1. Gain in length, B:GLU43 to B:ARG93, computed as 0.36 nm per residue apart minus the alpha-carbon separation, to one decimal in nm?
2. Once you place label points 7 Å from the Cα toward the Cβ at A:PHE177 and B:ASP104, how far apart are they in nm?
3. What is the packing order of peptides B:109-118, A:38-47, B:221-230, taking the mean over residues of other C-beta atoms within 10 Å and listing the highest first?
4. Work from the charge dipole of chain A (Cβ charges, +1 for Lys and Arg, -1 for Asp and Glu, about the Cα centre) and give the residue of A:ASN111, A:TYR228, A:CYS159 farthest towards its positive end.
5. Between A:ALA115 and B:ARG76, what FRET efficiency comes out of the Förster formula 1/(1 + (r/R0)^6) with R0 = 25 Å and r the beta carbon distance, rounded to 0.05?
6. With a ≥ b ≥ c the root eigenvalues of the C-alpha gyration tensor of the stretch B:122-239, is it rounded (a/c under 1.5), prolate (a/b larger than b/c) or oblate?
7. On average, how much area does the Cα convex hull of chain B cover when viewed from any direction, in nm²?
8. Grab the beta carbon distance between B:LEU246 and B:ALA111, set R0 = 25 Å, and tell me the FRET efficiency rounded to 0.05.
Amino acid sequence: MSTPVSLAQAGHDHAAAAVARVREAAEGVFEALREVRDAAVACVRPAGGARRPVAADLAALRPLLWARLRGGALPAHLPAHVTALIAGIGFIAAPGLLADAPWYLEWWQENPSGAPVRLLRNMDPASSAFYDYTHWDWYAGPSSGAERTVCGPYVDYLCTDEYSLTLSVPVVAGGSFAGVAAADVFVRRFEGAVLPALREIPGPAFLVNAEGRVVASNTASWVAGSVYRDGGSAAFSVRPVGDLPLSLVTAAG
Amino acid sequence: MNMARLAVFSPVDSTARVDAVVRRLADAIAVGLLADGEQLPSEAELAGRLGVSTVTLREALMALRQQGMVETRRGRGGGSFVRLPAELDPLARLRTFAADELRDFGDHYAAIAGTAARLAAERSLPSDLAPLWRTLDEMDEVAAAPRAAGSPGEACARLRRLDGRFHIEVAAASQSARLTQEEIRLQADIGPLLWLPHEGLSGHDETAAQHRAIAGAVRRGDGEQARAVAERHVLDATRHLIELRLRLRE
């Protein structure tokens, strides 16, 4: 028979398990991004840095990008709930990096009915009302030095019309910032990956980003998209998720 | 036999699919999500992404070509490119609506814009709001120096695109993908008409004040005020449009 003490202990263990599950899911995506980053460093320093890179140099990234998308040839050592998360992935060049294109994305998206699809965007800031990517947090974070950025959840009205997270890391080549490696994860799929662990926690439990936006939750009172503003409230305890910009919030007790 | 039930199980009309594709792409072009000159993915890719057959997609592209919204070039470097229509004469379009239809458009739009603004006030964080303040500053710059945009017509077109972007950014701050999609759809439908009373840059100050009132209420987290000013913004624009329509002779 359970005493209140052992119940509290069980809640604690479940919370620790949920943190581990969230870390695993996010780290799986960041692992793919580190691969993209390393491959991009080679692409943007053609001939060992002897000439400036051009857009065509980035085409060498494609086999890796396609393989890391949902439905691609994902690494066998990762669990299934981690490998099916990535809906879009690519390298975003720092403006002015490439000799032949001031703005450039090598960005690919999953395609449920066939081969991955390249995102094509008008990259001329003079004619496009929308696509100066340096303003977006997934670019601004890494470009200002953040090692790992989790942007969102946000409504991605430019690419997918989905409620999404974008995870990103900086790409530094030859000592200078060359761009960003990033991946899109739909919130509904991230929830699918972590909800089984959140559900085990007795009482309300939800995952928030660095600003307090709820990413996934086991309760309708704190559903994804709402904001947890009770910083320092005694009613909840907050656990960091490793060194990721995410925290698990649970009822205190 | 119940005819309505029979209709449910009859084959889906392929023209409905073509229309849906035309609608989706035309909306995106009209509000600038697909920019003038932008290359569309190949037919096979686009069909795959939209979940329709290539035959359906080709029919839709043909319709868009006829409307002047897509241009197809052959040969090396060829493909389908977005064309911003010179001007789908909005006054001619306005004539096709009766005043009560415009009123109804306004009612629907006010419901979407009002709810989006209320949810944005309740849910948005400072980082969600940075883009929309930037858009408002850009609008003020264009209005203050229309010559810098090239011509008054170009300044007006830029203001209209920025106005659309502001409202989409407010909708996205609501965290609702569906409300954002509906905002984009409504803008494509009646955005150019609602903008008609502003041709020639008149009334920018009043519009700018309303935009800042919406953004301010959202930033303060005042949901009811955000809803009220966003609804007022749409209903004022609708009222101006109805006045204009009633003065148009057949």
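Values in this text are rule-based calculations from the coordinates and carry no lab data. Quick caveat, the model's predicted, so the values are computed rather than measured. When we count neighbours, we look across all protein chains shown, and the Cβ atoms used for this are built from the backbone with ideal geometry, even at glycine.
1. Contour length minus Cα-Cα distance gives 14.9 nm.
2. Using points 7 Å along Cα→Cβ, the separation is 5.2 nm.
3. By packing density, highest mean first, the sequence is B:109-118, B:221-230, A:38-47.
4. Selected residue: A:ASN111.
5. Plugging the Cβ-Cβ distance into 1/(1 + (r/R0)^6) gives 0.65.
6. In terms of gyration-tensor shape, prolate.
7. Quarter of the Cα hull surface area: 17.2 nm².
8. 0.60
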